[in-house]
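Structure, as structure tokens:
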Amino acid sequence: MTIQTTYTQACARLAKLLDQVTYDREVVLIQQRGKEEAAMIAAFKLASLSETAYLLRSPANAERLLTALGRALKNDLKPMSVEELRRETGIE
């Protein structure tokens, strides 16, 4: 759920909003009159979004990752041991 608040309200409730962002994983949108909204999100979420954007910026890598995700979501792969994975990938 996204919390929307004004700049004035955010200043008055900053500690509570920070707790909601860090502990409850909420996103807070702060509106300042006449300006674009700003978002407050947990640092780990920002890092995750940045990493995802980095990995998907190459079309070839994006296609490879989305194909792998599709296969994983189908859930039709049999589990493999580390030894089997090493043999399959040639990392022995």
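Coordinate-derived values only; no laboratory data. As the structure is a prediction and not an experimental result, all values here were calculated from the model. For neighbour counting, all protein chains shown are included, and Cβ atoms are generated from backbone atoms with ideal geometry for every residue, glycine included.
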How much length is gained on full extension from R13 to K78, taking 0.36 nm per residue of separation minus their Cα-Cα distance? 18.4 nm
Helix 59-74: inclination vs the chain longest Cα principal axis, degrees, rounded to 10, gives 80
Taking the chain as the reference, fit the longest principal axis to its C-alpha atoms, fit the long axis of helix 43-56 to the helix C-alpha atoms, and give the angle between the two in degrees, 0 to 90, nearest 10. 50
Counting residues in segment 45-89 as N, plug N into 2.2 N^0.38 Å and put the Cα Rg over that result. 1.48
Among DSSP beta bridges whose residues both lie in the chain, state the antiparallel percentage, nearest 5. 40
Mind checking which of G70, F44, L18 is farthest towards the positive end of segment 6-75's charge dipole, using Cβ charges of +1 (Lys, Arg) and -1 (Asp, Glu) about the Cα centre? G70
Would you mind ranking V27, V82 by Cβ crowding within 10 Å, fewest neighbours first? V82, V27
Between K45 and I3, how many nm apart are label points set 7 Å from Cα along the C-beta direction? 1.1
Using a simple charge model, +1 on the beta-carbon of Lys and Arg, -1 on the beta-carbon of Asp and Glu, nothing else, what dipole does the chain show about its Cα centre, in debye to the nearest 20? 260
Calculated [θ] (222 nm, deg cm²/dmol) that DSSP helices of n ≥ 4 give over the chain, each run adding -39,500 (n - 2.57): -17500 deg cm²/dmol
Over all alpha-carbon pairs of the chain, lay out the pair-distance distribution in 10 Å bins, whole %, shortest bin first. 14, 25, 24, 18, 13, 6, 0
